[in-house]
Amino acid sequence: MVATGLRSVLWFVCTFLLCVSINVAHATSITLTGPSGTVSEGYFQLEYQLESVNSEGSSVNTIVFERAASESFDVVEDRYPPLGSFSQVTLSGFSNGTYYFRARDTQSGETSNIVSVTVQHYPLSRALTLFGLGALIFIALVVFILHAHSRSSDQSVSKGSV
Amino acid sequence: MTATEYALNSNVGLAIVAIFGVLWVVFGYVLGRSNKSHEDFALAGRNVGFAFAAATAMATWVTSNTTLVAPQLTYQFGIWGMIGYSFAALGLILFAPLSARIRELLPNGYTSGDFIRLRYGKWAWHVFIVISIVYAMGWLISLGMAGGILLQALSGLDYHIGMSAILLICVAYTLFGGLRAVIATDFIQALIIIIGVVAVAVLILINNGIEPVHQELTTGHPELLNWLFPAAIMFLFNNIFFGLGEIFHSNVWWSRALAFKKKVAFKAFLLGGVLWLPIPIVTGFIALAAPQLGIFPSSADMVGPSVAAHVLGTAGAVIVFIVVFSALASSLDSLLAATSDLVTRDIYNKHIDKGATDKKLFKVNRLVILGLGLLTWLLCLPKVATLGALLNFTGAFVASTIWPIVLGLYSKKVSGRTAALAMFLGTSIGLACYFMIGFYVAALTSCAISGLVTWIGYKLDPVEFNWEQLNEEAPK
């Protein structure tokens, strides 16, 4: 009875450890990292890293980044293959919102951890204020140069001044 | 969808670099044989005609900015990035009247530093030299990095090999030929650039069309088509002031204004600017095609050559490679020549050896070119930033010089104190904004603060400058 109990405990412990080790290997063999804070410009970089302990079956060229609207990844909305042997992609043009990304090995089907990226663009009022300020300074500069050039051309002997 | 392959074999990439490298160096050597004095070497005898002048103005401005950074900014900021970048042509166009004025005021001038020293005195000169050196090194590093990135994006060759190759070639032919070789190679490189860019644009439109690109951007990357993209709107005038600051202060452009024949400078810069205007539109457009083609670069500055090579195949990749390589070389050589002139004339001749003969200056100039090449190579080894971020860092510096230079050329009233303070405060606050807000406001705030200080100084601290003080004699 004691032996049976010990066997059960051992079986349970071994199974548990095996499960944990499989889960750890599965979860950490491809690690995805993304931008640390909120993205204000709509572009950002994602990077994956392969763990050496489990990288034999994963060719660098078979990794693809995937995007979904929810953390559960029920529907993959877009895929982004990296260029050549690079492990990063730079993505751009995203509107305000939260996006979920993962890296997937297209050969083994193995997937990475999920990274969420929140895009929150700068307020339009701030952008338009800077635009207006820039336009004002630019117009002042152009008017000054054209005015000064025409005056200096007229008074080239005296090297005219404004 | 699997990973995108490289368009060129790395050996083919290296072979192109070697062939063009030998061509440019031999060309520089042949042209350099007619340089008899430091003035010949630094300013091509002050006798450059209209065709060469317009070509060098356009070709020098087509650089990593237009071939790598314009697509990068289009990939990041969409249509505003593309159109906004083409407005950098305004720098060349507005420099046209300034160049005529420079030629008139400084008949014996050598560098932009000469003007600041004579017009504003030592304090403004100190601030200006720091700005010039930071900018020149930033641009040199970005060009060296661009060489490495180009080879890596197209052929997968190690970044350090491409970067070292382009630096070695440009240092060699600038060393042999001086500004004469730089302007002559610019002329050939300008022809290659125009033909190549037009070929790429036509082939992309024939092979790909616009509708699929528009469809993909609308669904997957909508902000790139948004006219009210906030960061892109902020970027627009920042880029214009960055371009103006680069051209108005840099000895690359002053040395050209002083090297061109007297009546040529105005027309040459105007035509150079008009020719340059459509180039970023073309190079930027190809970046918009990236998502539809399934090309997602590791860093945004690789997008231009990657897309072009992907669409056009191996033959197209060779064209792209030659065009971008020519563009990089035409800027790198100009910058090496102009910066070495600045160091030789403004630092060595005016502060270390005031009695240096023309022959001595000739020798020092060449040593400075070598030293600059070596320093650039060392600083390029760690690839610390993307090209756009690196270039825009220098925007905070150069935009602060716009108002002091423009007013200094036309008005007697602006004092040296005002100019020094305007450049110092403009740069400092521009840098603070670069780090606190983003790179797309650095040049704008720098120019705004500098302009405000210059205007206040103009009103409260006026002087009566004598223009004849600018007419300094050339070294014997």
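For labels at B:Ile437 and B:Leu375 in the simple 7 Å Cα→Cβ model, what's the distance in nm?
Distance between label points: 3.1 nm.
Return the percentage of antiparallel bridges among DSSP beta bridges fully within the protein assembly as shown, rounded to the nearest 5 %.
Given both bridge residues lie in the protein assembly as shown, the antiparallel proportion sits at roughly 85 percent.
Give me a single rounded figure for B:220-229: the average over its residues of other chain Cβ atoms within 10 Å of their Cβ.
5
If you take the beta carbon distance between A:Ser85 and A:Ile139 as r and set R0 to 41 Å, what does 1/(1 + (r/R0)^6) give as a FRET efficiency, to the nearest 0.05? If you can, show how the numbers build up before the last one.
Working: r = 49 Å, r/R0 = 1.20.
Efficiency, from the Cβ-Cβ distance: 0.25.
Provide the FRET efficiency to the nearest 0.05 for the B:Leu452-A:Ser153 pair, computing r from the beta carbons and using R0 = 22 Å.
0.15
Under 12 Å from a label point 7 Å along Cα→Cβ of B:Lys262: give me every residue in the stretch B:84-123 with its amide N that close.
B:103-108
Take every residue in peptide B:294-306, count the Cβ atoms of other chains within 10 Å of its Cβ, and give the average of those counts. Don't skip to the answer; put the middle values down first.
Details: counts 5, 5, 14, 9, 12, 6, 5, 1, 4, 3, 0, 0, 2.
Going residue by residue through B:294-306 and averaging, the value is 5.
Given the protein assembly as shown reduced to its alpha-carbon atoms as identical point scatterers, what log10 I(q)/I(0) does the Debye formula return at q = 0.05, 0.08, 0.12 Å⁻¹?
Log10 of I(q)/I(0), two decimals: -0.25, -0.59, -1.20.
Nearest 10 degrees, 0 to 90: what angle lies between the long axis of helix B:89-105 and the longest principal axis of chain B (Cα atoms)?
Helix B:89-105 sits roughly 20 degrees off the main axis of chain B.
If each DSSP helix of 4+ residues adds -39,500 (n - 2.57) and the sum is divided by the residues in chain B, what number results at 222 nm, nearest 500 deg cm²/dmol?
Working: 21 runs with 356 residues, N = 476.
Here the helix-only value at 222 nm equals -25000 deg cm²/dmol.
How much length, in nm to one decimal, is gained on full extension between B:Lys360 and B:Asn466, taken as 0.36 nm per residue of separation minus their Cα-Cα distance?
That works out to 35.0 nm of additional length.
A plus B alone minus the pair: what accessible area, both sides summed, probe 1.4 Å, in Å² to 100?
What A and B bury together is about 5000 Å².
Beta carbons within 10 angstrom, averaged per residue: use that to sort the peptides B:80-91, B:298-309, highest first.
B:298-309, B:80-91
Can you give me the Cα centroid spacing of the stretch B:430-453 and the stretch A:109-139 in angstrom?
Here the answer is 17 Å between Cα centres.
Ranked from highest to lowest mean number of other Cβ atoms within 10 Å per residue, what is the order of the peptides A:144-151, B:235-242, B:289-296?
B:235-242, B:289-296, A:144-151
Assuming R0 = 22 Å, can you tell me the calculated FRET efficiency for the pair B:Ala315 and A:Thr62, based on Cβ-Cβ distance, to the nearest 0.05?
My answer for the efficiency is 0.15.
Just the number, please: Stokes-Einstein D of chain B in µm²/s, Kirkwood Rh from C-alpha pairs, 37 °C, 0.692 mPa s.
In µm²/s, the coefficient is 147.
Cα centroids of the stretch B:132-192 and the stretch B:291-341: how far apart, whole angstrom?
Measuring centre to centre over Cα atoms gives 12 Å.
What ranking, highest mean first, results for peptides B:366-376, A:29-39 when packing means the other Cβ atoms within 10 Å averaged over each residue?
Highest-to-lowest ranking by the protection proxy: B:366-376, A:29-39.
Normalised by the residues of chain B, what does the relative contact order come to in percent, with Cα pairs under 8 Å and at least six apart? Don't skip to the answer; put the middle values down first.
Details: 876 pairs, mean separation 143.4, N = 476.
Answer for chain B is 30 percent.
The values are calculated or read from the model by the stated rules, or taken from the named source; none is laboratory data. Keep in mind it's a predicted model, so treat the numbers as computed, not measured. Heads up, the Cβs are rebuilt from the backbone with ideal geometry, glycines too, and the neighbour counts pull from every protein chain shown. Side chains are part of the model used for accessible areas, which takes the heavy atoms of the whole protein and leaves out ligands, DNA and RNA. Shrake-Rupley method; radii C 1.70, N 1.55, O 1.52, S 1.80 Å.
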